[in-house]
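The values are calculated or read from the model by the stated rules, or taken from the named source; none is laboratory data. What you see is a predicted model; the values in this text were computed from it and never measured. Cβ atoms come from the backbone with ideal geometry, glycine included; neighbour counts cover every protein chain shown. Side chains included, ligands, DNA and RNA excluded: accessible areas come from the protein's heavy atoms. Shrake-Rupley method; radii C 1.70, N 1.55, O 1.52, S 1.80 Å.
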Amino acid sequence: ALLAFVINISRKQLQEKDQEILYREQLFDTLSDNVNTVFVMLDTADFKVSYLSPNVNRMLGNSQECVCSEIQREAQLHLNGDAKSAFKHLPGIALGQRKEWEKDYFNPKTGMLRSFHITGYRAKIVGSERYIVVLSDRTEERKQSEALQSALEIAKSANEAKSNFLANMSHDIRTPL
């Protein structure tokens, strides 16, 4: 009877932990599906995808399966020494460190070029090392920055034209007819 009681308590605790894990996974999936950031977890040895956030279709315009295949192609390029591989920055990251870079990505679903700020981390998770890659869409920020830069250049040009006009007027006023 005591053994059955202990087994029942252990089973109940295990169910509660399973429910908590499921809750956290659902919460993370819901949160990540509603932000403009894609989360990827990769094995450090072969770049095999162990997690890809559910918003990948909306953000990158391809299904999770297609993106996983694309990641594996890029990983193969990297492992074969191709310097253009999207993974060229990852091996330089030490355990517990991070590296950041920018990459443009063409979204075939929308036909738009998107700008991503990528942050790569190397972490030890349940005894094995993983890369955690965070792709944050910065397209709107880049457009706003370009618009502000354009407005600044227009303002500088207008200021220069005003200064030239005032200099010419001043000269004309001082010059006797």
**Report entry** Residue order for I9, I118 - accessible surface, 1.4 angstrom probe, largest first
**Finding:** I9, I118
Query raised in the report: Tilt of helix 2-33 relative to the longest C-alpha principal axis of the chain, in degrees (0 to 90, nearest 10)?
Result: 20
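What's the extension gain from I7 to E140 if we count 0.36 nm per residue and subtract their Cα-Cα distance? Can you show the working numbers first?
Working: separation 133, 0.36 × 133 = 47.88 nm, distance 5.55 nm.
My answer for the length gained is 42.3 nm.
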Report task. Might you report the magnitude of the Cβ-based charge dipole of the range 11-170 about its Cα centre, with Lys and Arg at +1 and Asp and Glu at -1, to the nearest 20 debye? Result -> 220
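With respect to the cross-link table entries K103/K124; K12/K48; K48/K103; K48/K143; K88/K124; K103/K156, which display a Cα-Cα separation exceeding 24 Å?
Among K103/K124; K12/K48; K48/K103; K48/K143; K88/K124; K103/K156, the Cα-Cα distance tops 24 Å for K103/K124; K12/K48; K48/K143; K103/K156.
Using a 1.4 angstrom probe on heavy atoms only, work out the carbon and sulfur share of the accessible area of the chain in %.
Details: 7060 of 12550 Å².
On the chain, the fraction of accessible area on carbon and sulfur atoms equals 56 percent.
Keeping all protein chains in place and using 1.4 angstrom, which order do V126, V67 fall into by accessible surface area, from largest down?
Details: V126 145, V67 10 Å².
From most accessible down to least: V126, V67.
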Query - the range 145-170 versus the range 1-39: alpha-carbon centroid distance in Å - result: 61
Report task. Please give the helix 139-174 orientation as an angle from the longest Cα principal axis of the chain, in degrees from 0 to 90, rounded to the nearest 10. Result -> 10
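Take S157, S115 and sort them by solvent-accessible surface of the protein heavy atoms, 1.4 Å probe, largest at the top.
Numbers: S157 70, S115 10 Å².
These residues rank, largest area first, as S157, S115.
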Query raised in the report: Considering the values (1) 62; (2) 47; (3) 51, which represents percent of Cα pairs over 22 Å apart as calculated for the structure under consideration?
Result: (1)
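Can you give the accessible area per residue of the chain, in Å², using a 1.4 Å probe? Let's see the in-between values first.
Values: 12550 Å² over 177 residues.
Accessible area per residue, the chain: 71 Å².
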**Report entry** Spacing of the two label points (7 Å from each Cα toward its C-beta) at N168 and A151, in nm
**Finding:** 2.8
